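Participant: My questions will all concern the structure given below.
The values are calculated or read from the model by the stated rules, or taken from the named source; none is laboratory data. The model shown is predicted, which means the values in this text are computed figures rather than measured ones. Neighbour counts run over all protein chains shown; Cβ positions are idealised from the backbone, glycine included. For accessibility, only protein heavy atoms count, side chains too; no ligands or nucleic acids. Shrake-Rupley method; radii C 1.70, N 1.55, O 1.52, S 1.80 Å.
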Amino acid sequence: MAKRFGGRFSPQPQLDGTDLRAPARPAPGEFRHPLESRTRWVTIMAIPFLISAFWQDPNGLALHLIAFGAVASGMWMTREGLQAEAAYDARRVARRPAIPRKLFGGILTGLGLAIGSYVPGAEAGAGVIGFAGAMLHWLAFGTDPIRDKGMEGIDGYQQDRAQRIVAEGEAHLKAMQDAILRTGDRRLEARVGMFAATARELFSHVEENPDTISAVRRYLSVYLQGARDATVKFADLYVQTRDQRARQDYETLLTDLETEFAARSARLLEGGRTDLDIEISVLRDRLVREGVRPAPTPPAEPAELQRPMTLDDLLIPRESEKSRR
């Protein structure tokens with residue numbers, strides 16, 4: 001995943017320690033769960049079912065092949081479930097996975113162990129082994145997320161619409177990164193990666209606030225599609241000619257787009273803060289009207305303003321003006 005360069009002349013956070021930029025949103029396929037390697041080892045340990053199948057009778061051959069296929073399929077489903085869980089944990093607003101992949105992976109794993117250990121006349125023992133394997137799978141990998149996260153007060157239709165548009169934007173970014181690989185220039189690859197990271201910051205704002213999708217849809221569709229087309233044409237031209245002027249124009253285009261995307265993200269964040277201030281002000285006024293919170297006392301006036309004015313107060317300034325003249 002591309003990372004921003006930091007240095008003396010790079011943008012820095014504010015002095016109060018708050019940074020207006022959202023954390024970079026990971027790209028699809030970059031979500032990694034710490035338990036993914038376990039699925040590979042379990043699949044490797046099921047290889048004896050595959051090897052021993054060729055020394056069995058036809059029924060034993062079929063059973064052992066089915067056992068290995070069930071365990072391997074269960075581990076594949078489990079790995080997909082772990083990746084979905086990692087993506088769920090990485091986002092502040094996320095829906096629960098539509099398919100409980102880890103649950104189905106555990107069922108397939110237990111079924112494969114039961115079939116692989118089956119012996120005529122010992123069905124109960126095979127069932128116990130399969131059940132134990134499914135329980136161990138549950139203890140090793142856990143369960144799938146069962147509820148949505150951060151979806152309170154968010155329109156489901158708008159959320160689905162935002163996810164579709166963000167998915168289209170991710171496809172455009174992926175096409176840009178694939179096209180720039182043809183140039184073989186690591187500096188250009190990193191530059192496109194930096195632009196992709198900036199665009200994904202805007203994706204994060206849209207996913208967390210789907211109501212803003214109308215304001216930024218042009219950026220996620222028209223602008224990204226134009227950037228993709230420009231990247232493809234530039235890669236084709238640069239591979240053949242190594243034109244430095246075309247390279248400079250392309251990098252300038254990326255800089256302009258990156259600046260505009262970052263500014264749009266900052267505006268969305270500032271708009272969210274303005275909405276929060278309004279909500280707090282309205283709530284405070286309501287608490288005051290209902291007597292839950294005392295009304296703020298006006299600041300005390302200075303002592304000279306509280307003293308009643310006399311005739312000397314009117315005459316003294318005039319005498320001082322005459323003396324100055």
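So that you can scan it fast, the table gives a plain yes or no per residue for (1) assigned to a helix (DSSP H, G or I); (2) of a type in the set (Val, Ile, Thr); (3) closer than 12 Å to residue 268 by Cβ; (4) out of contact with any strand residue (DSSP E or B) (no Cβ under 9 Å at 6 or more places or on another chain):
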{"site": "196", "(1), (2), (3), (4)": "yes, no, no, yes"}
{"site": "219", "(1), (2), (3), (4)": "yes, no, yes, yes"}
{"site": "222", "(1), (2), (3), (4)": "yes, yes, no, yes"}
{"site": "230", "(1), (2), (3), (4)": "yes, no, no, yes"}
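Participant: Shifting gears a bit: Sort through 297, 241 and tell me the only one that's modelled with pLDDT under 85, open to solvent by 70 Å² or more (accessible area, probe 1.4 Å) and either among the polar types (S, T, N, Q) or in contact with a Cys (Cβ under 7 Å, 6 or more places away or on another chain) (or both).
Facilitator: On inspection, the qualifying residue turns out to be 297.
Participant: Listed residues 98, 22, 86, 90; which is at pLDDT below 90 and open to solvent by 60 Å² or more (accessible area, probe 1.4 Å)?
Facilitator: 98
Participant: While we're looking at this one, here's another question. With respect to residue 48, determine if the residue is open to solvent by 40 Å² or more (accessible area, probe 1.4 Å), assigned to a loop (DSSP other than H, G, I, E, B) and either modelled with pLDDT of 85 or more or not aromatic (Phe, Trp, Tyr) (or both).
Facilitator: When the stated conditions are applied, residue 48 does not pass them.
Participant: Just one of the numbered conditions (1) touching a residue at least 60 places away in the same chain (Cβ under 8 Å); (2) open to solvent by 20 Å² or more (accessible area, probe 1.4 Å) is not true of residue 195; which one?
Facilitator: Residue 195 satisfies every listed condition except (2).
Participant: Among the residues of the stretch 118-164, write down those that are among the charged types (D, E, K, R), modelled with pLDDT under 80 and either more than 20 Å from residue 83 (Cβ to Cβ) or more than 19 Å from the chain's Cα centre (by Cα) (or both). Reasoning before the result, please.
Facilitator: From the stretch 118-164, those among the charged types (D, E, K, R) are 123, 144, 147-149, 152, 155, 160-161, 164; that's our starting set.
Next, only the ones that are modelled with pLDDT under 80 stay: 147-149, 152, 155, 160-161.
Matches in the stretch 118-164: 152, 155, 160, 161.
Participant: Can I ask one more? Going by what's in this entry, would residue 114 be described as at pLDDT 90 or above and either open to solvent by 40 Å² or more (accessible area, probe 1.4 Å) or touching a helix residue (DSSP H, G or I) at 6+ places or on another chain (Cβ under 6 Å) (or both)?
Facilitator: Against the criterion (at pLDDT 90 or above and either open to solvent by 40 Å² or more (accessible area, probe 1.4 Å) or touching a helix residue (DSSP H, G or I) at 6+ places or on another chain (Cβ under 6 Å) (or both)), residue 114 qualifies.
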